[in-house]
Structures are given as structure tokens and as C-alpha cells.
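The values are calculated or read from the model by the stated rules, or taken from the named source; none is laboratory data. All values reported here derive from a predicted model rather than from experimental measurement. With ideal geometry, Cβ positions are generated from the backbone for all residues, glycine too; neighbour counts draw on all protein chains shown. Ligands, DNA and RNA are stripped out before the accessible areas are found, and what is left, the full protein with its side chains, is counted by its heavy atoms. Shrake-Rupley method; radii C 1.70, N 1.55, O 1.52, S 1.80 Å.
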Amino acid sequence: MRFPRISPRSEHQSNHLPARSCLRGEALNDCIKAPDVRLGSLLHGVYLNVNYDPESRVIAAQRGRGTHDALDALDVGINSTKVNWIVDADIRSFFDEISQEWLVRFLEHRIGDRRVIRLIQKWLKVGVLEDGIVTVSDRGTGQGSVISPLLANIYLHYALDLWAERWRRREVTGDMIIVRYADDFIVGFQHEADARRFLDEMRKRLQEFALSLHLEKTRLIEFGRFAVRDRKERGLGKPETFNFLGFTFICGKSRRDKFLLKRKTQRDRMRAKLRTVKQEMRRRMHQPTPQQGKWLWMSSAATSTTMRCRRTFEHSWSSEPRSPNAGGSHNRVFSTPGPASGSPSQT
């Protein structure tokens, strides 16, 4: 199956394109030997600064930028702006519906070396092996491989990020934030009218690039620093919650009765995590208690709302070991632990 010939420049593109990269010598040989990993390194260099906007807080799935960076960016965005409405959007089968034709056009916008483009096209045509059967499709990228998140990042940069940033400058009448990590993104607005207009126009925009929003999972909710007060004045209940990157965001209150953005692990992921911890603790049941406690410490996620609990826990245990003969039912041997090998990945 031959890949359709694609024009390197679409009709609406300007003649003044950004500097395009070429690959030479040993770098090309490395890509040929290990195309999945080497191409990822190459594309990371070409698109190093293209997917981050400090004002709209678009966090790309790149080196040095993890999910907690996106969570913290959303925390700062909601707490420092007048966001009252949240667009919780979900793209239907994103990795399976990416248009390879549009993806190659986007790559040609920054990469002038046709050899690199051909390598990426070959990688896209490799197919997926399931139950001994190789399936080749003209849509999507192989979800789970090294290069797929980066290709998906590039796709959404052109299909969503640039358009959303232009819409924010020209159309919005109040505050607006957008936080995206890979294909998960949250958009916040000050005014409900802006949020509804953006949602309608975003549907049309994504359809132009062979993407669509999930009707059941995409919703508009009232959420923010003033949502509790506004809903109370209208005789409504508490603001709804939304999920982002495995965490549930909640409108809460601090001890001083001020707005506090809380986040906790999603219910289904918490149950799965507890089952994993239970199995691991049964495997470690014959290890010394301090060693088990150290593993439990490292297995907990350090978020903005859990750090206070961890500091309280740390303060309650002395930094020096206590003799078993000193009395008391506890043998305090904990201090702030360093990274432990074999600890499970943080949720």
C-alpha cells in the first residue's frame, strides 16, 4: 500500500515558513537503525519550544514536562484568574483517528529533509500486530510506542493549540486558560457565553482535521473561585467535579473559609492502586517494618493537597531511631526517605 502523495505546502500557508531542519550523516544512520527512538529525539529537537505557551499554559508531553506540571499549571490558572466555567473535553479515539495525511503536512512545515519524512511515513505504515494478524490502517498512530505521543503533540499543536490561542486573543471577552497534556485538555472561561461559543467552534475546527469530540464525555460545568458563591445565590448545589490526568478536581474551602482547589485520585484508579499496594505489602510482609513504611511513603503521590499530610506524618516521626526499650508502642525510625528502588510509579 503506497502512501498518497502530499503537497508540502497547503494553500493557506504563508511563504514565510519557520526554519526547517535537515538530517545529515551519522544522525540519519542512527534513525535508520532505531527509527522509533531516534526519530523521537530528532522531532523533540525540532519542536523543542513549539508546544508551550506560558499564558495559555499548554504543557506538551515532552522531556522534562510531566503530568504534574500540567496539574500545577491548571491549579495556578484557576486560582489566579476569574475562571467560572470549565470545558471538560474528550477527543473520541484520538490516537486511532489521526489523519496521517494531515500529520505529514504538519511535519513538512518544519522538516525540510525528505528522508526523515519518508522514515516517518514508513513507521506509520508498519501496522499493529494483534493475535498474529498485522493490521495496517491509513489513520492513526501506534498508541503505546515511543514516538506516538510526540506525533500526537505535533498534530494537536496545529489542529488545536494555534487556533485556540488565536481565538483567545480575538474572540474572548474575559479570562481564558487552556491546559493540555497530550490529548487531554481543559479550557477555562470567565463567561458562560464565551465557553459555549468556543465549544461549538472547537467541534467544527476538529472536524476539519478528522477528529471529533465524545458527546457523552464532553461537558460544560460551572467551576472556579466564585462558582460556590454564584450557585448558592441561585439556590443551586455544590459545583460539579471534573477529572483530568487521573485526578478529580473539587471546589473546596480552606480553614479560613476561602476557596481551595482540591484534587484527589480518581475513584477507579484509587481502587486499582490499593489492590496493587495490598499485593505488594503481602509480598513484603516479612521485611522489617521501617522498610515497609519507606516503600509506602515513596508509593504515595506528592500533590499540593497531600503535601501537608506528608509533612505532618514526617513531623510525627523523629529523624533518629528510637530504642525498642525506650517504652511506648511505636518504634520511631522514619526520616524523610530518598528515592527507593523498586517503588511503584506515582499515580
task = Being in a loop (DSSP other than H, G, I, E, B) and open to solvent by 20 Å² or more (accessible area, probe 1.4 Å) is the filter; apply it to segment 76-104 and report the residue that is farthest from Ala195 (Cα to Cα).
result = Ser93
request  = State all residues of segment 183-214 that are hydrophobic (A, V, I, L, M, F, W, C) and closer than 18 Å to Arg139 by Cα; if no residue qualifies, say none.
outcome  = Leu206, Phe209, Ala210, Leu211, Leu213
query = From Asp131, Asp184, which residue is open to solvent by 40 Å² or more (accessible area, probe 1.4 Å) and either within 21 Å of Leu213 (Cβ to Cβ) or touching a helix residue (DSSP H, G or I) at 6+ places or on another chain (Cβ under 7 Å) (or both)?
reply = Asp184
query = Quick one: would you say Gly174 is more than 23 Å from the chain's Cα centre (by Cα) and closer than 28 Å to Asp257 by Cβ?
reply = yes
ask   = Among the residues of segment 249-285, how many are exposed (fewer than 11 other Cβ atoms within 10 Å of the Cβ), outside any helix (DSSP H, G or I) and on the phi < 0 side of the Ramachandran plot?
value = 5
query = Scanning segment 227-245 for residues that are in contact (Cβ under 8 Å) with a residue 60 or more places away in the chain and surrounded by 17 or more Cβ atoms within 10 Å (Cβ to Cβ), which turns out farthest from Leu160 (Cα to Cα)?
reply = Ala227
request  = Please tell me if Ala195 is at pLDDT 90 or above, surrounded by 17 or more Cβ atoms within 10 Å (Cβ to Cβ) and small (Gly, Ala, Ser).
outcome  = yes
task = Show the residue pairs that are 6+ apart or on different chains and have beta-carbon atoms under 9 Å apart, the first residue being within segment 80-97 and under 13 Å from Glu216 (Cβ atoms), the second being outside any loop (DSSP other than H, G, I, E, B) and among the β-branched types (Val, Ile, Thr).
result = Asp88/Ile186; Asp88/Val187; Asp88/Ile221; Ala89/Ile186; Ala89/Val187
